[in-house]
1. Show the residue pairs meeting these rules: Cβ distance below 7 Å; 6+ apart or different chains; first residue within the range 196-208 and on the phi < 0 side of the Ramachandran plot and touching a residue at least 12 places away in the same chain (Cβ under 8 Å); second residue surrounded by 13 or more Cβ atoms within 10 Å (Cβ to Cβ) and in a helix (DSSP H, G or I).
2. Checking residue 332 against (1) touching a helix residue (DSSP H, G or I) at 6+ places or on another chain (Cβ under 7 Å); (2) assigned to a helix (DSSP H, G or I), only one condition comes out false. Which one?
3. I need the full set of residues from the range 108-118 which are outside any loop (DSSP other than H, G, I, E, B) and without any contact (Cβ under 8 Å) to a residue 12 or more places away in the chain, in order please.
4. Taking the range 75-87, which residues are touching a residue at least 40 places away in the same chain (Cβ under 8 Å) and within 16 Å of the chain's Cα centre (by Cα)?
5. When you go through (1) at pLDDT 85 or above; (2) under 21 Å from residue 90 (Cα atoms); (3) surrounded by fewer than 18 Cβ atoms within 10 Å (Cβ to Cβ) one by one for residue 230, which number turns out not to apply?
6. Provide a single number: the residues in the range 275-294 that are surrounded by fewer than 18 Cβ atoms within 10 Å (Cβ to Cβ) and at pLDDT below 90.
């Protein structure tokens, strides 16, 4: 009886601590909400109104996954909500960096020499402009990105592992947004688009950029909120890492990873998606939205982060653990991915099984030898990845 009383008191203590933690998160969220409301309400910025509506819509969407994370009991929904919350946080940080890059744009400098700009002539210099509405050419990257986003959303919604795809997509997208938020403000390159060089405000530096001390945080915050709901908004000065390319390649990688295998050497659906993606990447350079370097880096980062996340997720699925050299990996990245990817109660954890060996005797007959029938020998450990140390215990086969 004493043991039962102790267990009951411990359970009540855990519930009380959970309730206090949830209330603390709720109060912090409401405090941030009220602070942002106080600095933005009634403000007219760059001649545009309706900022309060954008602000309210943004944080209503932000609070929904936060409430799900705190109150839902389903681990699947909690993981999806956590990935959405991380994506929204990464998007806000990226919008903040884009707003800083808006003021740091060296508008007095000419565009840098670029290989892609030399190969693909600017759209307004083509003879076809005499017969078409050439000002609409700037919308081609947005149209292609919209097509890829809509088709990928439909594909993910119809896939049996839809919530797993959504969860991984948002985690990778949020991570890429965090990376992009660092690159766009680290080095300010002259904007490749003539329209952006004319739109951005003139600073007091010789290059046309603003000094850091001349940029008011209130203006940056307001522009960040506007970019969160980018209706009629244009981002300028955010070179080095193309956001359009990042989303296009991320959609293509979703199809490439989760679309079903088909017999034959060519999967026409995947080939079509990649051709559309390549056309979108070329159009970004063609309309001078970005430099070729921006597109190449976006392609490299997106493929690398997507592949790395799925490799770690597969290690979690088979129970393979690593101890990374970097403290940040050991304390944050791996525990977070393990929590996101741990199997549910109804999922079966895959375990590596011994593979039977087939021998052919002198008469041409096949004989199958199972590992348990062989001499007891330790398995040769797989090569350890550089920078990691495997914790997997070597499995030994013994005679039955």
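The values are calculated or read from the model by the stated rules, or taken from the named source; none is laboratory data. Just so it is clear, the model here is predicted, and its values are computed rather than measured. Heads up, the Cβs are rebuilt from the backbone with ideal geometry, glycines too, and the neighbour counts pull from every protein chain shown.
1. Between residues of the range 196-208 that are on the phi < 0 side of the Ramachandran plot and touching a residue at least 12 places away in the same chain (Cβ under 8 Å) and residues that are surrounded by 13 or more Cβ atoms within 10 Å (Cβ to Cβ) and in a helix (DSSP H, G or I), the close pairs are 200/102; 201/103; 203/103.
2. Evaluating residue 332 over (1) touching a helix residue (DSSP H, G or I) at 6+ places or on another chain (Cβ under 7 Å); (2) assigned to a helix (DSSP H, G or I) leaves (1) as the failure.
3. Within the range 108-118, just 118 meets the criteria.
4. Scanning the range 75-87 gives 79, 80, 82, 83, 84, 86, 87.
5. All conditions pass for residue 230, except number (1).
6. 0
Results for (1) more than 23 Å from residue 168 (Cβ to Cβ); (2) surrounded by fewer than 18 Cβ atoms within 10 Å (Cβ to Cβ); (3) in contact with a strand residue (DSSP E or B) (Cβ under 9 Å, 6 or more places away or on another chain), shown as yes or no for each residue.
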| residue | (1), (2), (3) |
| --- | --- |
| 209 | yes, no, no |
| 213 | yes, yes, no |
| 219 | yes, yes, yes |
| 236 | yes, no, no |
| 242 | no, no, no |
| 249 | no, no, no |
| 252 | no, no, no |
| 261 | no, yes, no |
| 273 | no, no, no |
